[in-house]
Amino acid sequence: MSQIDESTRRELDGFLQLEDQKARFHSMVHEFTDKCFDRCIGTPGNSLSSKESACLGNCVERFLDTTFFIVNRLEAIKQ
Amino acid sequence: MSQIDESTRRELDGFLQLEDQKARFHSMVHEFTDKCFDRCIGTPGNSLSSKESACLGNCVERFLDTTFFIVNRLEAIKQ
Amino acid sequence: MSQIDESTRRELDGFLQLEDQKARFHSMVHEFTDKCFDRCIGTPGNSLSSKESACLGNCVERFLDTTFFIVNRLEAIKQ
Amino acid sequence: MDEVRQQLAVANAQQLLQKMTDKCFNKCITKPGSDLSGSDRACLAKCMDRYLESWNVISKAYATRVQKDAESGGH
Amino acid sequence: MDEVRQQLAVANAQQLLQKMTDKCFNKCITKPGSDLSGSDRACLAKCMDRYLESWNVISKAYATRVQKDAESGGH
Amino acid sequence: MDEVRQQLAVANAQQLLQKMTDKCFNKCITKPGSDLSGSDRACLAKCMDRYLESWNVISKAYATRVQKDAESGGH
């Protein structure tokens, strides 16, 4: 890459960081949908029932809770 | 890479493209076999029954049909 | 990389090779644990029963036996 | 910069397509026959719609949670 | 050029070996014992043969389909 | 050299964390409710401990086997 001035570089860095964050967010959503669709959706109907929607939301939340629980407990064990 | 003349470069490109195509073909066959073996083959016998062979062929065909159906419908929805 | 003398290079190579070996070993252990935990551990209890421990050991050993059996038979078929 | 954005959008769409195809094939085509029947197609269409809907529900739930965790200063 | 070809052949063989081992271990060794019994080996041999046969059936079916789709000018 | 070692240790820990989380979520949180209940946490704690214990048992079994195969000059 040819030389670029400070402010352009900073702008580029910011852009790439944001895009990277978005990509990681989407990637997590794909993972969660993959996991939670099977658990929460039976035979696909004409729309999501409120029970199915609630299950999907809980599935994401509890998976994140599980991750935090495990990370925290791992750190507690290590000490 | 040192400089090479036009015709050699074109030949190389053709070779790499063909090998790449073959590699992608094989990779798809691995995926299909992975998916369809479980669906079509029960307890492994002394040879594939004609029913099992037919199931494997249908499994590949219907998976491709499913992919096309979904891609086409996604495009239709988007418009 | 700047020039380094022979003995340093050899030491570095040895270090990287060893670390690579360790990484591959750990990676295999992750794979085996992933596979064998489901097969051998029912409802997680307060410790592994001797039956569960034995199952885990057998699961690893038999998976490796299976790999060798298949590789050897593939080679025998090819000839 | 638009190129980067587009490459990521394509990768995202491919990942969605691949996972959705696998899921809906497994849900709807349990016994692959000699063609996709009308009921196969109906099931695939519903499965797609529910999968996309689920993706959106989960995307919102995850965004809300990330926001909440950020406000409470991590976990 | 032969090098490229060989590298791809090795990658292909490794992928086949890995998937076949997983599948046949799951099908044949449901309760891992203290060694591979004779019936375990018999099952593994049959499973391998059927897996390789399936690979060939699927390879042909896919090639035919790719050909057909190309002739009809895509989907 | 310490950097390489640390990078590998992090990769190893991440792989362990990811697989353990998936396994224990599947084992313990069969019906995700509105929060992690006390019994969910108890199950997760036990599952973690058994998973780590299993990892160690398997690590030892594999090391012993690698050693044995090396001594007998491969298979």
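The values are calculated or read from the model by the stated rules, or taken from the named source; none is laboratory data. Please read all numbers here as calculations on a predicted model, not as lab measurements. Here Cβ is always computed from backbone atoms with ideal geometry, including for glycine, and neighbour counts include all displayed protein chains. Surface accessibility is based on the protein's heavy atoms, side chains included, excluding ligands, DNA and RNA. Shrake-Rupley method; radii C 1.70, N 1.55, O 1.52, S 1.80 Å.
Points worth noting:
- For chain C, the fraction of alpha-carbon pairs in successive 10 Å shells from zero, as %: 15, 26, 23, 19, 13, 3
- Reducing the stretch F:1-51 and the stretch D:12-57 to their Cα centroids gives an inter-centroid distance of 30 Å.
- Within 10 Å of each Cβ in F:34-44, the average number of Cβ atoms from other chains: 3
- Between identical copies, the spacing of E:ASN56 label points, each set 7 Å from Cα toward the C-beta atom, reads 5.0, 5.0 nm from nearest to farthest.
- Ascending distances from the D:ARG41 label point to its copies in the other chains, with the point 7 Å along the Cα-to-beta-carbon line: 5.4, 5.4 nm.
- A:GLN17-C:ASP13 pseudo-label distance in nm [points 7 Å out on the Cα-to-Cβ vector]: 4.2
- The listed peptides B:54-61, F:61-68, ordered by packing as a protection proxy, come out as B:54-61, F:61-68 (highest mean of other Cβ atoms within 10 Å first).
- A:PHE68 sits among other residues whose Cβ lies under 14 Å from its own Cβ, and their net charge, with Lys and Arg +1 and Asp and Glu -1, is -1.
- Largest GNM mean-square fluctuation among A:THR33, A:THR66, A:THR43, using chain A with Cα springs under 10 Å: A:THR43.
- Between F:MET1 and F:ALA63, the FRET efficiency estimated from the beta carbon spacing at R0 = 25 angstrom works out to 0.60.
- Plainly put, the tip 7 Å out from Cα toward Cβ on C:GLN79 is 6.1, 6.1 nm from that tip on each other copy, the closest given first.
- Dipole magnitude (debye, nearest 20) for the stretch C:6-78, charges at Cβ of Lys, Arg, Asp, Glu: 260
- Pairs of Lys residues in chain D that lie 8 or more places apart, or on two chains, and have C-alpha atoms under 16 angstrom apart add up to 6.
- With Cα atoms, 0 to 90° folded angle of helix A:6-40 axis to chain A main axis: 10
- Positive-end extreme of charge dipole, chain E - chosen from E:SER37, E:MET20, E:GLN67 (charges on Cβ): E:SER37
- For A:8-18, mean number of other protein chain Cβ atoms within 10 Å: 1
- Other protein chain C-beta atoms within 10 Å of residue C-beta, averaged over D:12-18: 4.
- C-alpha long axis of helix D:2-28 to longest principal axis of chain D, angle in °: 40
- Area of B:GLU19 that stays accessible when all protein chains are in place (1.4 Å probe, Å², to 10): 10
- The GNM of chain B, with springs linking C-alpha atoms under 10 angstrom apart, assigns the highest mean-square fluctuation among B:ASP13, B:ASP65, B:ASP34 to B:ASP13.
- Simple Cβ-charge dipole of chain F, Lys/Arg +1 and Asp/Glu -1, about Cα centre, in debye nearest 20: 300
- Of the peptides D:45-58, E:8-21, the order by per-residue mean of other Cβ atoms within 10 Å, starting with the highest, comes out as D:45-58, E:8-21.
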